[in-house]
1. How do 14, 90 rank when sorted from fewest to most other Cβ atoms within 10 Å of their own Cβ?
2. At 222 nm, what value in deg cm²/dmol follows for the chain if DSSP H runs of at least 4 each add -39500 (n - 2.57) and the sum is divided by all its residues, to the nearest 500?
3. Helix 45-59: angle to the longest alpha-carbon principal axis of the chain, degrees 0 to 90, nearest 10?
4. Could you tell me which of rounded, prolate or oblate describes the range 1-43, using a ≥ b ≥ c as the square roots of the eigenvalues of the alpha-carbon gyration tensor, with rounded for a/c under 1.5 and, failing that, prolate when a/b is larger than b/c and oblate otherwise?
5. Choose one answer from 77, 56, 36: the residue with the largest mean-square fluctuation in a GNM of the chain with alpha-carbon springs under 10 Å.
6. Comparing 28, 103, 48, which has the greatest mean-square fluctuation in the GNM of the chain with Cα pairs linked when under 10 Å apart?
7. Any chance you could give the angle, 0 to 90 degrees and rounded to 10, that helix 62-74 forms with the longest Cα principal axis of the chain?
8. Looking at [x] 0.93; [y] 1.11; [z] 0.96, which value of Rg/Rh (Cα atoms, Kirkwood Rh) comes from a calculation on the structure shown?
């Protein structure tokens with residue numbers, strides 16, 4: 001294993017508890033925002049967690065990975081479903097890099113006076 005994810009999750013819990021004491025409004029705000037996503041009932045918990053895992057990968061958030069992996073498994077996600085959601089994240093990252101690369105070409109054109 002690359003990381004002791006169970007220990008990491010415990011450590012994060014302690015540190016988030018400290019942050020909550022120092023800045024309770026920040027934690028409350030995050031919890032309100034997070035809870036708002038489940039109020040409509042349009043997506044089930046497993047789907048929300050699979051999306052969260054894909055986003056966690058694209059944003060490189062280890063803490064998000066550990067908490068949402070736990071939540072996805074508790075919501076009934078299989079390893080295969082999780083893997084498929086990660087495949088979507090990989091495809092989106094590559095696609096986003098491709099599309100965003102056109103901005104670099106646009107910047108080059110602007111800086112060199114060549115227009116596009």
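Bear in mind these aren't lab numbers, they're just calculated from the coordinates by the rules spelled out. If you're wondering where the values come from, they're calculated on a predicted model, not measured in any experiment. Here the Cβ is made from the backbone with ideal geometry for all residues, glycine too, and neighbour counts use every protein chain on show.
1. 14, 90
2. One gets -27500 deg cm²/dmol as the mean residue ellipticity at 222 nm.
3. Around 50 degrees separate the two axes.
4. Oblate, since a/c reaches 1.5 and b/c is not below a/b.
5. 36
6. The residue with the greatest mean-square fluctuation here is 103.
7. Computed tilt is about 60 degrees.
8. [y]
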